[in-house]
Structure formats: structure tokens, C-alpha cells
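The values are calculated or read from the model by the stated rules, or taken from the named source; none is laboratory data. Everything numeric here is computed off the predicted structure, so don't read it as measured data. Note: ideal-geometry Cβ built from the backbone for every residue, glycine included; neighbour counts use all protein chains shown. Just so you know, the surface numbers come from the protein's heavy atoms only, side chains and all, with ligands and any DNA or RNA stripped out. Shrake-Rupley method; radii C 1.70, N 1.55, O 1.52, S 1.80 Å.
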Amino acid sequence: MDKKQITGSEALLRTLIAEGVDTIFGYPGGQVIPLYDCLYDYSDRLKHILVRHEQGATHAAQGYARVSGKTGVVLVTSGPGATNTITGIADAMMDSTPIVVISGQVPSPLLGSDAFQEIDVIGITQPITKWAYQIRKPEEIAWAVSRAFYIASTGRPGPVVIDFAKDAQTGHVDYVYEKISHIRSYQPIPETEEESIAAAASLINGAKKPFALVGQGVILSGAEKELLAFLEKADIPAASTVLGLSAMPSDYPLNKGMLGMHGNVGPNRKTNDCDVLIAIGMRFDDRVTGNLQAYARQAKIIHFDIDLSEIGKNVAVDIPVPGDARETLAAVTRLLKPASHTEWIHSFTADEQEEYEKVIAREIHPGGDRRLRMGEVVRKVSDAAGADAVLVTDVGQNQMMGVRYFRYSRTRSVVTSGGLGTMGFGLPAAIGAQEGAPDRTVCLFTGDGGLQMTLQELGTIMQEKLNVKIIVLNNHYLGMVRQWQELFFDKRYSATTMENPDFVAIARAYGIRSRLATTRGELDESIAEMFESDTAYMLVADVETQGMVYPMVPAGAAITHIILEREEVTRN
Amino acid sequence: MNTKQLYTVIIFSENTVGLLNQITIIFTRRQLNIETLSVSPSAIRGVHKFTITTFAEKDMMDKVVKQIDKRVDILKAYYNTDEDLVHQEIALYKVSTGLFMKMNGVEELIRKYNARILEINEDCLVLEKSGHYAETQALFEELSHSIGVLQFIRSGRIAITKSKVERLSDMLSAMERKINM
Ligand SMILES: Cc1ncc(C[n+]2csc(CCOP(=O)(O)OP(=O)(O)O)c2C)c(N)n1
Ligand SMILES: [Mg+2]
């Protein structure tokens, strides 16, 4: 073992390298200058992406983590640098994304004295992290940093904050890397009892109308293959949550689409028709369940999850299957009898047809000289990008249209803010996704509103010469809020109209090729141009101003109460 | 059905900074009032024990305890009702020495409540009594009505489970076994 006196800063960077880190998203400042100075010497091993705002660093780290499966790393200064990361940390907590945020902190003798740019980072971040720790002495670095990566990436992943006092950066230490792979108070994977595996298998073996709900847990545990084997052996139709998308390919026969408020009709209706509901690595969010009193009351429920506190939290469960989905799915599959549920699976077709006629066809083939619709833009870009592409979205109508109409063939293809619904997530997350999957095409769909929340990250794209395809679905409205106002607030459009800048001119100011598409012809041309070369592009699609995302289960309604078209609102 | 009752949450944790904050956040988010709280080192070196009482529904208690147990530095969290526990609180009462001495039946009072005199000087006197809430409260009321109480303080509950299962030590030894395997 090499053991010699080095600075705390160097000890931190060496630990990052030992943990497999090669990319850092960050922004310097007074309390991390020593660390950045040391980074100068390590620039051949640690690539630093200079973002334009610390929130961008956190979302970029999330995008990076979501596509690569590795832990994203953020480095910021104390005070405002740290507080600017809060939204991204909270987002990563809600969406189980492994990131480690390292914030500089005032020298330890000044702690608690309201020193310049001192803020109680641990106090602020404790409720929104898996773990938050303040390093005050260089001796703690090896232990705390390795522990941070272990906690962030194992079990149900999540964000970890390391608050790094300046004197611990400059102090010297006899450094030896120590890998942490066990913490006695932390059990990342709960024990699975044989009985629960057997009980789950027997319930499924007896089911006439089984239905599986696929969450991000499947992707996080790398259980995609095990999932398909499970579904195929017992012939079980499945649908995914927004974050579970791409765990199954879009064209997989047993994949019946998406759950939830703007999900597909079949999966929502069938949740209240199946006899055995099998939830895998999902947490019964209210955007998925609607009114809990009217949710799957007829079904026996099996819940696979790695997080014991999720089991029984929102929905009472008949058979809990705690554990890592990859192992538990395989174990249950071994006990399954091959089955065929042709008629049950076929029963999804009527819903699919109804949705196709009333919603999908109108959205992706509006035709004529109508204005562009979001759905058609998404589908055209998806077709041109190829099956391997990564979808990144912002939040709002653009997000729902993105996840509904993009098509996936490969896992880890969707990066979107699910639990927190953070506008401004998209652009920086796309930067991180491109860094995390440099060989894949990254397509970002964003709204005119959300884009302007983190617009400055175009500078990062410019500086890093990143190949991000940005599609602005410009409806000149805070569309999703406007949709609620149209449906539930008598069309009183309070604070939802947007006077927008010339996005094309903005993109060009950053040296990013850009074009406005108002007609179908311009759309086709600009899509072709966008994919012609391996450089960033901003396609500004001028879409209909008052488009709607359907189907829609109104907040708090039963999931079978689905609005499919405008007129139905008053009827329902 | 779902009715609120008093639960005692017992938590064992590593002795790290900021743990109390992590625990109270979870109570706060669920809008549970902490009735009493007691924190001290446990019998196991380096392990801290929290005893918290709160009024809640059973279903809520299940969820809250799982969310506490999930925190990285928490070793074990569980909850009990009063039947499962031997529990005590300790109370101190400061009264005027003169008035106390003039009171009728001082000795019976002390015996009846199983109280002790901890400190006495010419001005004031400090009594101590441990017991259940109702018991320490009864002495407080009796003193208040007769001679008045200058200061009163009651500790949080401390509790020990009656059952044969020792959840923490069982868990720790199971863990040791796993590591040594
Ligand atoms: C940071 C943040 N602020 C506010 C909201 C509430 N919100 C959700 S969707 C939405 C409208 C988004 O408008 P835009 O970005 O133009 O997308 P569109 O819905 O029009 O596609 C708003 C304001 C949010 N999700 N996040
Ligand atoms: Mg908009």
C-alpha cells in the first residue's frame, strides 16, 4: 500500500479515482479553490465539466447516472454553491438516482459562526439525502468518501452529500484508500424469505388475469432479462411507470404501455380488472394510483421491492417480496408453471384501439394544414434518431408527450424527472446523459418554459462541444398548467402565457445550429439536418398553442375515470 | 378501527452527529407530536438509544418506524405499546422548605408516593419521584394544591421490553455471523 503524506484535496481526488469516477460536474468558488487547484494536476484522469449554474451540475450528474448506472459526481463551493444544488439533490432522492455532491465548507474553526458563505449544508440536506456528512479533518476523507459512494450506489440508490471543510482540504494526511463495502447499521438488500417467493409464485400460478407493473427498480437492479423471462414464462402482460420505461422494449408483445395520469388506457383500466397485480420496483405514487380507495380493490397484490419502507406505504399488499428484483424475480420464475393467458392479453386490444383512434392517431398524424402537434414531432424525431437513442425530457406537456411517443429498444433510455417533476431538469440532464453515454444519440424534448429555467447550460454544451439534440416544443404557454386551467378552472389562464425570445437566435449566439419549424415540411427538413452531423442542434418546433395531453386521469380520480378527448370533460 | 394510542418507539443508532434531526424530520413530515424523548448511550459501547413516545395509529406507526429504520446510521427501530414495556419517568419537585415542614402528614405523603428528598436548605427542598406519568402527576397535583410547587420537571420516558427477544443484540450477532462467513 502506498502511504505518504498528501493534502486532503489530493486524498479526495484519489478516492474519487479509486471509486471509478472519471467525470465531475462542478463549479468553483472560494471554499473549494484548493480542491480545484489539485484537480488541475489530475485533469488527465478526472474530466471536469464546468456547468453554468450548480443546479445544472446536479441534474447533469443525474442524467449521467441514469444512462450509465454509475454514480454521478458534483463539486461545488460552499454557501450559494451548495444551496443551488438543493433541487437536484431532492430530485435524485425522489427518483432514486445515485449521486455524490461534494460541497466546500468554511474552515472548521469558523463553523457555526456565520462566516462568509457558511451555510448549514448538512442540516438543509439531511431530509433529502440518503446520507449527509461533514468532513472536518483530512483523516476522515478516505473513510467518508468511500462510504458516500457505497451508500449512494447500493440498495435503493440515492444522493449523498459530503460537506468538505476547507482546512480539511489543505491539511495533510497519511492517505491509504480504504474501500467501504459494509456498514453495520445499513442493510442495502433486505432478506428474502423462501415463503414469500413461494407464496408469490403460487398466487401467480393460480391467476387468471395477472398484470405486472414495472418500475425503475427493475432497471436499477439490472433485472431486465429476469423480468422478460418472468413475464414470458407465465404469459403476463405488463406496463411501466414513467421511470420504469425502457426496462422492456416498446415493441415487446407483453408490453402494454405506460401507467398513470397520462398513461395508456389499457394499463389503467386493467389495473382495476386483473386478479393478481404484481408490482416490481415501483412505489405506487399517486400519479400512478389515482384515488387509492378505488385502486385495484379486486386484486391480490404482490410487491417486489428493495426498500422495506415502500412495502405497504400507499397500498396494502397481500404478498411482500423484499429483496433485489434481479434475484427475487429469478427465484419466483423458477417456481412458475408455464401458462398462457391469451384471452386476457387479447382483452387489451379494445382499449388500445380506442386510444389509438381517439388520441394517438390524432396526435401523431394530425395532417392537413393544422399546426404541428407535440406527439407528431416526438414520433418523427424518435423514428429518425433510431432505436438506440436516449430520451431526455423536461417537465410538463413536453415530458408526457416525450415519454408517450418516443420508442425504446434498450434499457436506460429514459431520463426524466418523475417524483419531483422539476422544470429545468431537461437541458442539464441531457448534458449528463451525453457524457454518460457518449456513443448514443441524446434527444431532449423541452418546453418553452422549462428550457428557460436552465437555459444558461447552452454555454456548457458550447464549451464541451456536446452532441445534444434539443427539440423545443414551443407552445407559447406553460402548457401543462394551462391544460389544468382549461379543464378544471374555467379557462382562466392565470399566469400561463409566455412571451418568448427568439430561441433560434439564442442557440446561434451559443454557436449551436438551430432552426424554426412551423410546417410539416420544415419539420422534416430540420430533423434531417439535425441528424446530419454529430454536433449540437436546437430544433424549435412551433406547435399548437392549446394542445392537450390525453388520456388523462384527473388528480385524485379513480384510474378508470379517464378523459380521452375534450368534450368528455363535462360529460364525465 | 384506526384509533390513536400511545406508542413507545425505541431506536438504536450509531453515535453520529445529527441523528436526532434525521429522526425528528420523519415525525414532523407525518405530523406526529413527540410526547417525550430520552436519549442516552446504550449498554453496547458506541450505540445510542432513543426512547420516543407519540400518539398515533398503528398503521402510521408501522410506516414511520420503517422510514426511521431505513436511515443509514440507524441500527434498529421498533415500537411497542405500554403492555409490552416496563417504563418509568422521573420527576423533580421544588417546594418551599417552610411550607413543606408545616404541612400535615409529610411523612405519609412521602411514603404514599414513594418519593425522596434530594436536597434541602432553609429556602427550598427538592423531591424526586419516579413512576408512570399518572403517578408523578398525582404528586404534582397534591403538592400544588397544598403548598404550591416552585419548579417542576419530568423526564422523558425510559423503557425496557418485557419480551424474551432482544432485537438489537440478535441483530448485531446475526450481522457478525454474516461478516465472518
Ligand atoms: C420548477 C418548477 N416550477 C413549476 C412547476 C409547475 N409546472 C409543471 S408543468 C409547468 C408548465 C411547463 O411549461 P413548459 O415548460 O412550457 O412546458 P409545456 O407544458 O408547455 O410543454 C409548470 C409551471 C414545476 N413542475 N417545476
Ligand atoms: Mg410550453
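Dipole of chain A computed with +1 at Lys/Arg Cβ and -1 at Asp/Glu Cβ about the Cα centre; of A:Ala299, A:Met498, A:Gly260, farthest Cα towards the positive end is A:Ala299.
Grouping the Cα pair distances of the stretch A:194-348 into 5 Å bins from zero gives a pair-distance distribution of 2, 10, 22, 26, 24, 13, 3, 0 percent in increasing distance order. Note on the protein assembly as shown: dipole from Cβ charges, positive end direction compared against A:Cys274, A:Ile360, A:Thr446; the farthest Cα belongs to A:Cys274.
Just list whichever of A:Lys130/B:Lys162; A:Lys130/A:Lys179; A:Lys70/A:Lys208; A:Lys166/B:Lys70 have alpha carbons separated by over 29 Å in the model shown. Too far apart for the 29 Å limit: A:Lys130/B:Lys162; A:Lys70/A:Lys208; A:Lys166/B:Lys70. Judged by the mean number of other Cβ atoms found within 10 Å, the most tightly packed of the peptides A:248-256, A:270-278 leads the ranking A:270-278, A:248-256. The simple spin-label model puts a point 7 Å past each Cα toward its Cβ; for A:Thr519 and A:Asp383 those points are separated by 1.9 nm. The H on the amide N of B:Ala115, modeled in the peptide plane, is under 5 Å from the matching H of no residue at least 5 residues off or on a different chain.
Relative to the compact-globule estimate of 2.2 N^0.38 Å, the Cα radius of gyration of chain B comes out at 1.27.
In the context of the full set of protein chains, the stretch B:88-154 has a per residue accessible area of 61 Å² (1.4 Å probe). Of the peptides A:438-444, A:387-393, the order by per-residue mean of other Cβ atoms within 10 Å, starting with the highest, comes out as A:387-393, A:438-444. Quick one: grab the alpha carbon gyration tensor of the stretch A:472-558, order the square roots of its eigenvalues as a ≥ b ≥ c, and give me rounded if a/c is under 1.5, else prolate or oblate depending on whether a/b is larger than b/c. Prolate shape, in that a/c is at least 1.5 and a/b is the bigger ratio. From its DSSP helices (H runs of at least four residues, each -39,500 (n - 2.57)), chain A gives a residue-normalised ellipticity at 222 nm of -10000 deg cm²/dmol. Please compute how much accessible surface disappears when B pairs with A, both sides summed, using a 1.4 Å probe, and round it to the nearest 100 Å². The contact between A and B buries close to 1700 Å². When both bridge partners sit in the protein assembly as shown, DSSP labels roughly 45% of those beta bridges antiparallel.
Taken about its Cα centre, the protein assembly as shown carries a charge dipole of about 700 debye when Lys and Arg each add +1 at the Cβ and Asp and Glu each add -1 at the Cβ. Using Cα centres only, tell me the gap between the stretch A:186-230 and the stretch A:236-285 in whole Å. For the stretch A:186-230 versus the stretch A:236-285, the Cα centre distance is 14 Å.
The accessible surface of the protein assembly as shown, taken with every protein chain in place and a 1.4 Å probe, is 52 percent carbon and sulfur. Evaluated over the Cα positions of the stretch A:524-564, the convex hull gives a direction-averaged projected area, one quarter of its surface, of 5.1 nm². Shape summary of the stretch A:371-543, radius of gyration then Dmax from alpha carbon positions: 15.0, 47 Å. Shielding value for B:60-69 is 3, the average number of Cβ atoms from other chains within 10 Å of each residue's Cβ.
With protein chains left intact and a 1.4 Å probe, residues in the stretch A:1-155 average 35 Å² of accessible area per residue. In the stretch A:111-152, the residues whose accessible area drops by at least 50 square angstrom when the other protein chains are added to the isolated chain are A:Gln126; the probe is 1.4 Å and only protein heavy atoms count. Protection proxy ranking, highest mean first, for peptides B:44-51, A:30-37, A:330-337, B:108-115: A:30-37, A:330-337, B:44-51, B:108-115, where packing is the per-residue count of other beta-carbon atoms within 10 Å, averaged.
Specify the inter-centroid distance of the stretch B:51-74 and the stretch A:339-394, based on alpha-carbon positions, in whole Å. First find each Cα centre; the distance between them is then 44 Å.
For the segment B:70-79, counting C-beta atoms of other chains within 10 Å of every residue's C-beta and taking the mean gives 4.
When a/c reaches 1.5 or more, the comparison of a/b and b/c decides; with that in mind, is chain A rounded, prolate or oblate per its Cα gyration tensor? In terms of gyration-tensor shape, oblate. Taking a ≥ b ≥ c as the square roots of the eigenvalues of the Cα gyration tensor, the stretch A:315-443 is oblate, since a/c reaches 1.5 or more and a/b is not larger than b/c. Remark: mean inter-chain Cβ contacts per residue of A:244-255 equal 0, using a 10 Å Cβ-Cβ cutoff to other protein chain atoms.
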